[in-house]
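The values are calculated or read from the model by the stated rules, or taken from the named source; none is laboratory data. Bear in mind that the values here come from a model prediction, so they are computed numbers and not experimental data. Note that we place each Cβ from the backbone using ideal geometry, even for glycine, and neighbour counts take in every protein chain shown. Just so you know, the surface numbers come from the protein's heavy atoms only, side chains and all, with ligands and any DNA or RNA stripped out. Shrake-Rupley method; radii C 1.70, N 1.55, O 1.52, S 1.80 Å.
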Amino acid sequence: MKLGRLNHIGVATPSIADSIIFYRDVMGATQISEPFDLPDQGVKVCFVDTPTADGALNGTQIELVEPLPGNTSIAGFLEKNPAGGQHHLCYEVPDIHVAKAEFEAMGKRVLGDPRIGAHGTLIFFVHPKDMGGILTEIMETPKGDH
Ligand code: CO
């Protein structure tokens with residue numbers, strides 16, 4: 001497994017609109033994307049950029065995730081955590097198919113086939129029970145990204 005950068009931390013929220021206000025007014029975030037729907041995954045998402053050490057706004061992101069009607073997984077998480085909370089971590093890898101094969105060779109449960117994620121590149125999730133209790137998203141590094 002070739003570990004890439006921590007791309008984002010997924011945070012489930014009952015209201016992206018309320019979370020945007022929190023990240024802007026309490027945390028001082030200055031770059032927050034417009035929320036958009038990912039109907040295939042049953043969620044609405046929004047990215048909050050954090051700065052790198054040199055102040056550039058291309059550091060690790062917070063991915064705000066709100067369930068769309070009919071969603072069960074995020075909705076179930078919010079039933080247990082009504083205020084929302086940390087939901088998953090997402091690491092980049094250079095090649096999604098190589099990473100999937102490596103995880104499976106190690107006996108890790110990959111949840112479904114690679115599919116297009118919120119950044120427009122292929123992603124998959126690995127079962128939290130095989131990952132130290134953390135739902136883990138693996139994402140192919142966007143082409144042309146640093
Ligand atoms: Co994610």
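Could you grab the relative contact order for the chain? Cα pairs under 8 Å, six or more apart, rounded to a whole percent.
25
How large is the convex hull of the Cα atoms of the chain per residue, expressed in Å³ as a whole number?
Per residue, the Cα convex hull of the chain comes to 119 Å³.
For the pair residue 79/residue 52, report the inter-label distance in nm, with labels modelled 7 Å from Cα in the Cβ direction.
Computed distance between label sites residue 79 and residue 52 equals 4.3 nm.
Round to a whole angstrom and tell me the spacing of the C-alpha centers of the stretch 91-146 and the stretch 1-28.
Each part reduced to its Cα centre gives a spacing of 19 Å.
Using a probe of 1.4 angstrom, how much of the accessible area of the stretch 6-140 is carbon and sulfur, in percent?
Heavy-atom surface of the stretch 6-140 belonging to carbon and sulfur, 1.4 Å probe: 56 percent.
Return, ordered by residue number, the residues of the stretch 1-41 whose backbone nitrogen is under 18 Å from a label point located 7 Å along Cα→Cβ of residue 97.
Counting only backbone N, you get 1-2.
How far apart, in nm, are two points set 7 Å out from the Cα along the Cα-to-Cβ line at residue 6 and at residue 34?
3.0
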